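Participant: Encoded as structure tokens, here's the structure I'll be asking about.
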Amino acid sequence: MIGRHRNWIASKLAEALLKKTEDLLKPNKPFSDNHLRILDIDIDISSGTVWRAGEVVDLPDLSFRLLRTLATRAPAMVSKDDLIAEVWGDVIVSDETLVQRVRLLRQTLGEDSQNPRYIAAVRGRGYRLTAPVEAVTMGMPSAPRPHSRRWRLGMAVAVAVLVVLGLSIGLRGGPQGPTISTLAVLPFNDMSEDRSFGFFADGMQEELLSRLARLDEIAVLSRTSAEQYRNTTESIPNISRALNANGIIEGSVRVNGDKVRITVQLIEGATDRHIWAETYEEELTVENIFAIQNDVANRIANALRVEYRRQKSGSLVLPTANLDAYNLYLLGRYHTFRQTPESLDLAVQSLEQAIDRDAEFAEAHAALGWAYSFLGTEYGGREPVTVFPRARVAAVRALGLDDQLADAHSLYADILTWYDWEFELAESEYRRTMVLDSLNVLGYALFLSTQGRHDEAIKLVERRLEAAPDDDYVQVNAGWRYLHAGRPDDAIRVAARATSHPDAASLLGFSKLAQGELAEAIAVFEEDLRRQGRGHMQLGNLAYAHFRAGNESTAQYLLDELETESDDAYVSPVLLAAVHFAAGNEARGYELLNAAVDARARGVIFLNVSTAFADRRGDPKFTAVLERVGLPAERP
């Protein structure tokens, strides 16, 4: 039965190819030679090579097809529909996709669309070449030399037979879907008129990433990996090589009043060949947005011939029906994970407005909890007592609205660990999180590390690393778990791969200190201070390292600056305590540690594993501090 099916496909393809061949032989078909010249550009049709002034021009496959089609049809105008058919074949794409491809070709050729040398748009109809096209041989113009009809027909039949044989062989070997194992989703472009919907474009990218994570047998790179290619003019093959992703998804959003246009394209990285593309034009509603996201995930799964694991309920559950609330939520999440004091303040404003518009929007409550929590850490620089209680209220509210929301359970567990020190209850919440989302493990790994359960912690972060080996955030989290387990070599290894993360320098510097490499650690901390500015963490780390190296005058200068900062802004007492201990100021160090416990500073949960306090362990005064927090007195 299978064999008959293959033969039927092969015969139908042969018929189609022969029909296409006859069409090609019609006398009104524009003539195209193998070697064409357009001003200073030479095109070898047969090899797919383009030269300009003797230098090879690196054109993606789609751009070459576009240029070839315009050249072989010159001087005639080529309609949009004909261009799409010639360039993308059976793949359905929109006019906007064609416009973007023309723009990319013009950029490569160095052309100004306002004063075109090569390509002109025929308004509303298509495109044509403005320059004359010559057929050339050995660099000199020559007249067309059409082959005989019999020869051309024979070659076409031979090609058809070869293609059919290739299909037959491919069918015997199994389905020939695109061989894509790793996907990267590039930042979506905001094509709206005033470019004010960047947060919406980022939200589309993030939501699509979460859905694509359900694809079987396909690895999906993190958002941070693709961030460097925001607004890039880099070619798809180059991006594919750099990210080691053989599938690339790019897209755009255009919001105009109450309408939205979303374009998504799945591209084979090495060849720049479009596997699937679609444009959605819908009324701007939350229901339509989520339906589009799900449809994209389904269509990509079909194109790659893999299974898409849908939600257990089998139905689409909308987080909110209020479009304003959803937009404010996306904007709030965008600011939350930028993790600067200014962005976190903006996040709180946006998310509180989202909740004002829909008080039962569980995801918005959870996101607000994250924003408040980060404000109470070194990222936000607020006193923990002013923000963590608000974070707890938001987490509890989110759980009350949706007990199946893994992000809310993870948030609540972090608050119980970072601020409340209710470690038994926190572990229960972390375990609940993993039931709902098996890869949401970084918070639990951190918790296990603070309890001295290093083997369990490392097992979890390595599982997460395997799923997202390129994610800087995951790398840094894994690095701290390695360092706290006494494995600085492994910590250095992952820190070296996470250079764009703001914590990577701290991780690398303290790992060097753990190895006794004081000069190297100082160099790392100095570079971090130059790169990120004179932040509290940068000043404290460098002062600590200089004290450890015996450079007391330099270290004291930095400590004085940090102490002055603490007069006007919140500086973690744990950071100050570490520097004072390194300076030999034991009494002041313990005074600050007890102040940190009183303030419920997040850093105290790391006291029994942090390398900065390694020489304090065993001291009864240090043990007393640990007991106030409820931490194990000895590091296993």
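The values are calculated or read from the model by the stated rules, or taken from the named source; none is laboratory data. Remember, predicted model here, so these are calculated numbers, not experimental data. With ideal geometry, Cβ positions are generated from the backbone for all residues, glycine too; neighbour counts draw on all protein chains shown.
Participant: I'm trying to understand the selection: among the residues of the stretch 571-596, which are of a type outside the set (A, V, I, L, M) and more than 14 Å from residue 539 (Cβ to Cβ)? Give the derivation first.
Facilitator: The first filter runs over the stretch 571-596 and keeps only residues of a type outside the set (A, V, I, L, M), leaving 572-573, 580-581, 584-586, 588-591, 594.
Those that are of a type outside the set (A, V, I, L, M) and more than 14 Å from residue 539 (Cβ to Cβ): 573, 581, 584, 585, 586, 588, 589, 590, 591, 594.
Participant: So for the stretch 558-571 (the condition being more than 27 Å from residue 449 (Cα to Cα), in contact (Cβ under 8 Å) with a residue 40 or more places away in the chain and surrounded by fewer than 16 Cβ atoms within 10 Å (Cβ to Cβ)), does at least one residue qualify?
Facilitator: Our first condition is that a residue be more than 27 Å from residue 449 (Cα to Cα); within the stretch 558-571, this holds for 558-569.
Then keep just the ones that are in contact (Cβ under 8 Å) with a residue 40 or more places away in the chain; that gives 569.
Imposing the further condition that a residue be surrounded by fewer than 16 Cβ atoms within 10 Å (Cβ to Cβ) reduces the set to 569.
Within the stretch 558-571, one or more residues are more than 27 Å from residue 449 (Cα to Cα), in contact (Cβ under 8 Å) with a residue 40 or more places away in the chain and surrounded by fewer than 16 Cβ atoms within 10 Å (Cβ to Cβ).
Participant: Name the pairs whose Cβ atoms lie under 7 Å apart, with the first residue in the stretch 336-350 and free of Cβ contacts under 8 Å to residues at least 24 places away in the same chain, the second aliphatic (A, V, I, L, M) and surrounded by 17 or more Cβ atoms within 10 Å (Cβ to Cβ), and 6 or more positions between them or separate chains?
Facilitator: Taking only residues 6 or more apart or on different chains, the pairs are 350/328; 350/331.
Participant: I need every pair where a residue in the stretch 429-458 that is crowded, with 21+ Cβ neighbours inside 10 Å has its Cβ under 6 Å from the Cβ of a residue that is among the acidic types (Asp, Glu), sequence separation at least 6 or different chains.
Facilitator: 443/414; 448/456
Participant: I'd like to check something: does the stretch 490-512 contain any residue that is within 20 Å of residue 593 (Cα to Cα), assigned to a helix (DSSP H, G or I) and among the polar types (S, T, N, Q)?
Facilitator: No, the stretch 490-512 contains no residue that is within 20 Å of residue 593 (Cα to Cα), assigned to a helix (DSSP H, G or I) and among the polar types (S, T, N, Q).
Participant: Still on this structure, I have one more. Tell me the residue from 354, 366, 362 that is crowded, with 24+ Cβ neighbours inside 10 Å, out of contact with any His (no Cβ under 8 Å at 6 or more places or on another chain) and farther than 16 Å from residue 418 by Cβ, please.
Facilitator: None of the others qualify; the one that does is 354.
Participant: Before we move on, is residue 223 at pLDDT 85 or above and within 21 Å of residue 304 (Cβ to Cβ)?
Facilitator: Details: at pLDDT 85 or above: no; within 21 Å of residue 304 (Cβ to Cβ): yes.
No.
Participant: Quick check on my filter: what residues within the stretch 257-289 are farther than 26 Å from residue 218 by Cα and part of a loop (DSSP other than H, G, I, E, B)?
Facilitator: 257, 258, 284, 285
Participant: Which members of the stretch 336-363 meet the condition of being closer than 21 Å to residue 404 by Cβ and in contact with a Phe, Trp or Tyr (Cβ under 9 Å, 6 or more places away or on another chain)? Quick ask: steps written out before the conclusion?
Facilitator: Going residue by residue through the stretch 336-363, those that are closer than 21 Å to residue 404 by Cβ are 351, 354-355, 358-363.
Correct list: 351, 354, 355, 358, 361, 363.
Participant: How about the stretch 400-428: which of its residues are in contact (Cβ under 8 Å) with a residue 12 or more places away in the chain and of a type in the set (A, V, I, L, M, F, W, C)?
Facilitator: 401, 405, 406, 408, 411, 413, 415, 416, 418, 421, 423, 426
Participant: Give the stretch 593-602 a look and list any residue that's under 21 Å from residue 379 (Cα atoms), surrounded by fewer than 21 Cβ atoms within 10 Å (Cβ to Cβ) and in contact with a helix residue (DSSP H, G or I) (Cβ under 7 Å, 6 or more places away or on another chain), or say none. Break it down stepwise before answering.
Facilitator: The first filter runs over the stretch 593-602 and keeps only residues under 21 Å from residue 379 (Cα atoms), leaving 593, 595-602.
In the following step, the residues that additionally are surrounded by fewer than 21 Cβ atoms within 10 Å (Cβ to Cβ) were identified as 595, 597-600, 602.
Once the filter is applied, which keeps residues that are under 21 Å from residue 379 (Cα atoms), surrounded by fewer than 21 Cβ atoms within 10 Å (Cβ to Cβ) and in contact with a helix residue (DSSP H, G or I) (Cβ under 7 Å, 6 or more places away or on another chain), the stretch 593-602 yields 595, 597, 599, 600, 602.
Participant: If you don't mind, another one. Out of all the residues in the stretch 459-478, which are among the aromatic types (Phe, Trp, Tyr) and surrounded by fewer than 17 Cβ atoms within 10 Å (Cβ to Cβ)?
Facilitator: Let us first name the residues in the stretch 459-478 that are among the aromatic types (Phe, Trp, Tyr), namely 473.
Hits for the stretch 459-478: nothing passes.
Participant: Is it the case, given these coordinates, that residue 347 is in a helix (DSSP H, G or I), modelled with pLDDT under 95 and crowded, with 19+ Cβ neighbours inside 10 Å?
Facilitator: Considered against the rule, which asks whether it is in a helix (DSSP H, G or I), modelled with pLDDT under 95 and crowded, with 19+ Cβ neighbours inside 10 Å, residue 347 comes out as yes.
Participant: State whether the residues of the stretch 478-499 include one that is out of contact with any Pro (no Cβ under 8 Å at 6 or more places or on another chain), under 21 Å from residue 210 (Cα atoms) and not aliphatic (A, V, I, L, M). So that I can check it myself, show each step before the final result.
Facilitator: Residues of the stretch 478-499 out of contact with any Pro (no Cβ under 8 Å at 6 or more places or on another chain): 478-481, 483-499.
Retained after the next criterion (residues that are under 21 Å from residue 210 (Cα atoms)): none.
Checking the stretch 478-499: not a single residue is out of contact with any Pro (no Cβ under 8 Å at 6 or more places or on another chain), under 21 Å from residue 210 (Cα atoms) and not aliphatic (A, V, I, L, M).
Participant: Yes or no: the stretch 579-586 includes at least one residue that is free of Cβ contacts under 8 Å to residues at least 60 places away in the same chain, surrounded by fewer than 17 Cβ atoms within 10 Å (Cβ to Cβ) and in contact with a His (Cβ under 9 Å, 6 or more places away or on another chain).
Facilitator: yes
Participant: Something else: With the checklist (1) at pLDDT 85 or above; (2) of a type in the set (Ser, Thr, Tyr); (3) touching a Gly at 6+ places or on another chain (Cβ under 9 Å) in hand, flag the one item residue 181 doesn't pass.
Facilitator: (1)
Participant: If you check residue 62 against the conditions, is it buried (at least 19 other Cβ atoms within 10 Å of the Cβ) and either in contact with a strand residue (DSSP E or B) (Cβ under 7 Å, 6 or more places away or on another chain) or part of a strand (DSSP E or B) (or both)?
Facilitator: Values: buried (at least 19 other Cβ atoms within 10 Å of the Cβ): yes; either in contact with a strand residue (DSSP E or B) (Cβ under 7 Å, 6 or more places away or on another chain) or part of a strand (DSSP E or B) (or both): yes.
Yes, satisfied.
Participant: Would you point out the residue of the stretch 57-75, among those that are hydrophobic (A, V, I, L, M, F, W, C) and within 29 Å of the chain's Cα centre (by Cα), that is farthest from residue 44 (Cα to Cα)?
Facilitator: Of all residues in the stretch 57-75, those hydrophobic (A, V, I, L, M, F, W, C) come to 57, 59, 62, 64, 66-67, 70-71, 74.
When the remaining residues are screened for being within 29 Å of the chain's Cα centre (by Cα), the result is 59, 62, 64.
Details: 59: 13, 62: 15, 64: 10 Å.
So, considering only residues that are hydrophobic (A, V, I, L, M, F, W, C) and within 29 Å of the chain's Cα centre (by Cα), the one farthest from residue 44 (Cα to Cα) is 62.
Residue-by-condition table, conditions (1) over 26 Å from residue 102 (Cα atoms); (2) surrounded by fewer than 21 Cβ atoms within 10 Å (Cβ to Cβ); (3) among the aliphatic types (A, V, I, L, M):
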{"residue": "201", "(1), (2), (3)": "no, no, yes"}
{"residue": "229", "(1), (2), (3)": "no, yes, no"}
{"residue": "244", "(1), (2), (3)": "yes, yes, no"}
{"residue": "251", "(1), (2), (3)": "no, no, no"}
{"residue": "286", "(1), (2), (3)": "yes, yes, yes"}
